[in-house]
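**Q** First the structure, which I've put down as structure tokens, then a few questions once you've had a look.
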Amino acid sequence: MRLRQHLHSFSIVSIIVFVLVLVVFLQLFAGFTGEASDAWIHIKEYLLFDYIKNSFFLVLFTALFSAVFGFVGAYLVTFYEFPFRKFFGWAMILPLAVPSYIAAYIYGDMFSYTGIVSRLLRGIGIVSQIDVMSLFGASMIFALTLYPYVFMTVRSSLNKQSNEIYESARLLKVSKSKIWRKILLPLSRPALVAGVLLVVLETLNDYGVVKYFNVRVFSFAIFDAWFRLGDVGAAIRLSGVMLIFVFVIVVIERVLRRNKVYYTLQGRKRLRKALSTKAKVFGYMALGFPLMFGFIIPVIYLSYYSLLTYSKTLDMELLYVTVNTLSISVVATLITLFIALFVANLDRFTTSKFFKRMINFITLGYAIPGAVLAVLVSLFFIGMDRDLVPLYQLFGVDKTLVLTRSLAMLSFAYILRFLTLAFNNIESTYQKIGPSYTEASYTLGQGKLKTLWSVDVPMLKDGLIFAFVIVFIDVVKELPLTLILRPTNYDTMATKVYQYASDEMIHEASLPSLLLVSVGVIMIYLITHRKLKKRVK
Amino acid sequence: MMYLEVKDIDFSFKDETILKEASFSMKKGEIVALLGPSGSGKSTFLRVLTGLAHISRGQLFIHDEEITKLPPEKRHIGMVFQDYALFPHMSVKQNIMFGIEHLKKDDRYLQLHKMLKLTNLTDKCHKYPHQLSGGEAQRVALARSLAASPDLLLLDEPFSNLDTELKAGIRLELKEILSSLDTTCLFVTHDIEDARAIADSVYTIENYKIKKIENANM
């Protein structure tokens, strides 16, 4: 009977997802059982240390730069009043629309020997070339395009902090630097760490930047082992080591976020201080630098080269690629949201420790880098196809690989990877709403699905839209998963851009890149301005 | 013959015992107040009755029918929440009709008009929750629960969001409404005056058990 109490639509959907995720992850252990190949022995002996070292420094530099860009920006727009503050409030998020690999192609080109920056430098007599195609350059690219994660989480946390805390500190004649050290940073630490973790996970997920800059980190190594050396076993073993690396990072994040306390803004509205002239210069530089290099320059570059190359690239194929990208992104995002809604509902009301742990496991996906997930999902689908051959034959299908490299497989991988993002957004909106509306509906005799549809969904509308946008942007931009798992001859904007860049046709990549960025900008505008409008109301 | 019977129930939350071998009963049409300070487990007891919280031991009966293992939506127990939990995206009319959608259209509207008249909300029918005063919101929450003709009505701190002046009038109104419908009602309060004004008998939670306070109306 207790089992029946726990079995309902929310738990059944969650259990199905759990089983699928579990089976996918079991592929990793299965891959370790075979004998180590020569390629793996070579990698372990001579290359693994470099992969670990490079990944560590790439993550470290990216985390530091993005923390500075994001935190300082969020601090300025929250605590100070200055011209264009509102503009910066939403514009600082725009670099999120620029995929890191596109920024890498742009800056790689601009700083190349024939690029505009090198030419300008030579024009003023500086002959030495700035090498951006390095580990340091890659981390700067990641920080410039990913810092909005830090900006958003920190700003949201600062907005919730009580103004009186800072006012009482000032009345106690505490110096500004001490307020930073003793109040601002400790109170913002959970948000800062959470934002930086997102940046780090995105950095580890990347394949486009590290491939183009030839920075030998884990995702580079996994692709290399699989596609150049043709050794899936070595790719799985590398995935295992990479997961340990990710696990260590997640543990560090948990330790840094311990004793988290949330302060809510009560009482009076925050009175923003005016910036002095000297501080204004610093403020505009601190806000302008990441916005300029993370968004404005890339967009100008892409617009310029799109105009120069559109006669070659604006064709039916681009339309086909755009339709592909938008359709699969919408479908995958909607399914992800649907599943996340069910899982979040189970999470809200369950008292079962098993279900709580199960949900933690289901929502691990975002921490798993795309290259690793692609390996595991591929193996899972190949195995499934193998088992289903008799069924295929029954329906007269001769092929042995039907689901492998199908759109179903690609969508499945997207859902697994981005379920965490959707779940977190829905869960936090549920927390704001509280359980009483749903409970009231139950006591009025309405069942779970009716309540979900009539009460929860209308009340979650803003959270759902936000979750849709965040997941949609990520699916549209996603490169490693799409590259490995897409059906043959199936391109999305991301793979098209990658293809141009691989063929050294960076300028021709501009138009699809610009389209990709535009999708992101429209989505970001939609959510930021929807929020602003609501606030004005 | 008792209408509601609670037999030897145990309930704990995060390893903290709230109720242990607790029993309780009510007669049909009786109005009972459950009195006690914050954190004593009063609201939790209401959640146990509705099925929103699960007991680890014991049995619950309404009209001799065991409801212990039924989900909340099948217990026919209405509840007015402390914050009223009016659905903000629905009008007063939609809120009231939410729990009676299974009725035929004519019956549904008949019930709606009956509830609006009873709670004196006819002119607020098309308003939304944010357009209502505290007293009006409370009456909508009450009308919504009563519309579904529950076997038992639970009220969680029904007066906590109202100011003192409003409270006296609303207490009286509530008593009249409940009596006119012969509703069996259990309400939770921390104010002895609320209990005295409305309840036929008063109980409290002490040492994890529900105990009657004799002479509470004196």
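The values are calculated or read from the model by the stated rules, or taken from the named source; none is laboratory data. These numbers were taken from a predicted model, which means no experiment stands behind them. Cβ sites come from the backbone with ideal geometry, for glycine too, and all protein chains shown count toward neighbours.
**Q** Grab the helices (runs of 4 or more DSSP H) fully contained in the stretch A:403-485, keeping just those with 3 or more residues being away from chain B (no Cβ under 14 Å).
**A** Output list reads A:407-433, A:461-477, A:480-485.
**Q** Could you check, for the stretch A:123-141, whether at least one of its residues is in contact with a Gly (Cβ under 8 Å, 6 or more places away or on another chain) and farther than 16 Å from A:Gly294 by Cα?
**A** Scanning the stretch A:123-141 turns up at least one residue that is in contact with a Gly (Cβ under 8 Å, 6 or more places away or on another chain) and farther than 16 Å from A:Gly294 by Cα.
**Q** On the given criteria, is B:Leu52 among the aliphatic types (A, V, I, L, M), within 15 Å of the chain's Cα centre (by Cα) and more than 10 Å from chain A (Cβ to nearest Cβ)?
**A** no
**Q** Oh, and also: Looking for something of a type in the set (D, E, K, R), surrounded by 16 or more Cβ atoms within 10 Å (Cβ to Cβ) and within 30 Å of B:Phe81 (Cβ to Cβ) - is there at least one such residue anywhere in the stretch A:404-412?
**A** Checking the stretch A:404-412: not a single residue is of a type in the set (D, E, K, R), surrounded by 16 or more Cβ atoms within 10 Å (Cβ to Cβ) and within 30 Å of B:Phe81 (Cβ to Cβ).
**Q** Quick one: would you say B:Tyr84 is among the hydroxyl-bearing types (Ser, Thr, Tyr), facing another protein chain (nearest Cβ under 10 Å) and touching a residue at least 24 places away in the same chain (Cβ under 8 Å)?
**A** Criteria met by B:Tyr84.
**Q** Now a separate question. Tell me which of these A:Gly445 doesn't satisfy, since it passes every other one: (1) in contact with an Asp or Glu (Cβ under 7 Å, 6 or more places away or on another chain); (2) surrounded by fewer than 19 Cβ atoms within 10 Å (Cβ to Cβ).
**A** So the condition that A:Gly445 fails would be (2).
**Q** Take A:Tyr51 and decide whether it is more than 14 Å from chain B (Cβ to nearest Cβ), aromatic (Phe, Trp, Tyr) and in contact (Cβ under 8 Å) with a residue 12 or more places away in the chain.
**A** yes
**Q** Moving on. Out of everything in the stretch B:192-201 that is in contact with a helix residue (DSSP H, G or I) (Cβ under 9 Å, 6 or more places away or on another chain) and without any contact (Cβ under 8 Å) to a residue 60 or more places away in the chain, what residue ends up being farthest from B:Ile31 (Cα to Cα)?
**A** B:Glu193
**Q** Of the conditions (1) touching a residue at least 60 places away in the same chain (Cβ under 8 Å); (2) within 14 Å of chain A (Cβ to nearest Cβ); (3) in a loop (DSSP other than H, G, I, E, B), B:Gly29 satisfies every one except a single condition; which number is it?
**A** The failed condition is (2).
**Q** Within the stretch A:486-502, take every residue that is polar (S, T, N, Q) and part of a helix (DSSP H, G or I) and give me the one that is farthest from the other protein chains (Cβ to nearest Cβ).
**A** Among residues in the stretch A:486-502 that are polar (S, T, N, Q) and part of a helix (DSSP H, G or I), the one farthest from the other protein chains (Cβ to nearest Cβ) is A:Ser502.
**Q** List pairs: first in the stretch B:66-80 and facing chain A (nearest Cβ under 7 Å), second β-branched (Val, Ile, Thr) and surrounded by 18 or more Cβ atoms within 10 Å (Cβ to Cβ), Cβ under 7 Å, 6+ apart or cross-chain?
**A** So the pair list comes out as B:Pro72/A:Thr443; B:Pro72/B:Thr50; B:Ile77/A:Thr443; B:Ile77/B:Thr50; B:Gly78/A:Thr443; B:Met79/A:Thr443; B:Met79/B:Thr50.
**Q** Please name all residue pairs, on different chains or six or more residues apart, with Cβ atoms under 7 Å, provided the first residue is in the stretch B:126-144 and is away from chain A (no Cβ under 14 Å) and surrounded by fewer than 24 Cβ atoms within 10 Å (Cβ to Cβ) and the second residue is part of a loop (DSSP other than H, G, I, E, B) and polar (S, T, N, Q).
**A** Listed by first residue and then by second, the contacts come to B:His126/B:Ser91; B:Lys127/B:Ser91; B:Gly134/B:Asn161.
**Q** Let me ask another. So how many residues does the stretch B:87-96 have that are within 10 Å of another protein chain (Cβ to nearest Cβ) and surrounded by fewer than 23 Cβ atoms within 10 Å (Cβ to Cβ)?
**A** Adding up the residues that qualify gives 5.
**Q** Show me the helices (runs of 4 or more DSSP H) entirely contained within the stretch A:1-118 in which 1 or more residues are hydrophobic (A, V, I, L, M, F, W, C) and over 26 Å from A:Gly365 (Cβ atoms).
**A** Ranges flagged: A:2-6, A:38-42, A:48-79, A:85-91, A:100-110.
**Q** Further question on the same structure: Evaluate the stretch A:269-278: report whether one residue or more is at pLDDT below 95, part of a helix (DSSP H, G or I), of a type in the set (Ser, Thr, Tyr) and in the same structural domain as A:Val98 (by TED's automatic domain parsing).
**A** Checked against the condition, which is being at pLDDT below 95, part of a helix (DSSP H, G or I), of a type in the set (Ser, Thr, Tyr) and in the same structural domain as A:Val98 (by TED's automatic domain parsing), the stretch A:269-278 yields at least one hit.
**Q** Test A:Val174 against the stated conditions and say whether it is crowded, with 24+ Cβ neighbours inside 10 Å and in the same structural domain as A:Ile249 (by TED's automatic domain parsing).
**A** So A:Val174 fails the test.
**Q** Next question, about the same structure. Considering only residues of the stretch B:97-118 that are more than 10 Å from chain A (Cβ to nearest Cβ) and closer than 25 Å to B:Glu157 by Cβ, which is surrounded by the fewest Cβ atoms within 10 Å (Cβ to Cβ)?
**A** This residue is B:Leu118.
**Q** Does the stretch A:350-363 hold any residues that are surrounded by fewer than 17 Cβ atoms within 10 Å (Cβ to Cβ) and touching a residue at least 40 places away in the same chain (Cβ under 8 Å), and which are they?
**A** Of everything in the stretch A:350-363, those that are surrounded by fewer than 17 Cβ atoms within 10 Å (Cβ to Cβ) and touching a residue at least 40 places away in the same chain (Cβ under 8 Å) turn out to be A:Ser352, A:Phe361.
**Q** Which count do you get for residues in the stretch A:197-228 that are more than 18 Å from A:Leu485 (Cα to Cα) and of a type in the set (A, V, I, L, M, F, W, C)?
**A** The total comes to 12.
**Q** Suppose the filter is surrounded by fewer than 21 Cβ atoms within 10 Å (Cβ to Cβ), among the small types (Gly, Ala, Ser) and out of contact with any Ser or Thr (no Cβ under 8 Å at 6 or more places or on another chain); does A:Ser454 pass it?
**A** no
**Q** From A:Arg181, A:Arg216, A:Arg237, grab the single residue that is closer than 16 Å to A:Ala374 by Cβ, among the basic types (Lys, Arg) and either over 21 Å from the mean Cα position of the chain (by Cα) or not in a helix (DSSP H, G or I) (or both).
**A** Result of the check over A:Arg181, A:Arg216, A:Arg237: A:Arg237.
**Q** Something else now. Can you tell me which residue among A:Phe355, A:Phe349 is under 25 Å from A:Asp456 (Cα atoms), assigned by TED's automatic domain parsing to the domain that holds A:Ser436 and at pLDDT 90 or above?
**A** Of A:Phe355, A:Phe349, the one residue that is under 25 Å from A:Asp456 (Cα atoms), assigned by TED's automatic domain parsing to the domain that holds A:Ser436 and at pLDDT 90 or above is A:Phe355.
**Q** Applying the selection to the stretch A:16-39, what residues are among the β-branched types (Val, Ile, Thr) and surrounded by 15 or more Cβ atoms within 10 Å (Cβ to Cβ)?
**A** A:Val17, A:Val21, A:Val24
**Q** Now a separate question. Among the residues of the stretch A:321-359, which ones are in a helix (DSSP H, G or I), closer than 17 Å to A:Ile426 by Cα and not hydrophobic (A, V, I, L, M, F, W, C)?
**A** A:Thr333, A:Thr336, A:Asn345, A:Asp347, A:Arg348, A:Lys356
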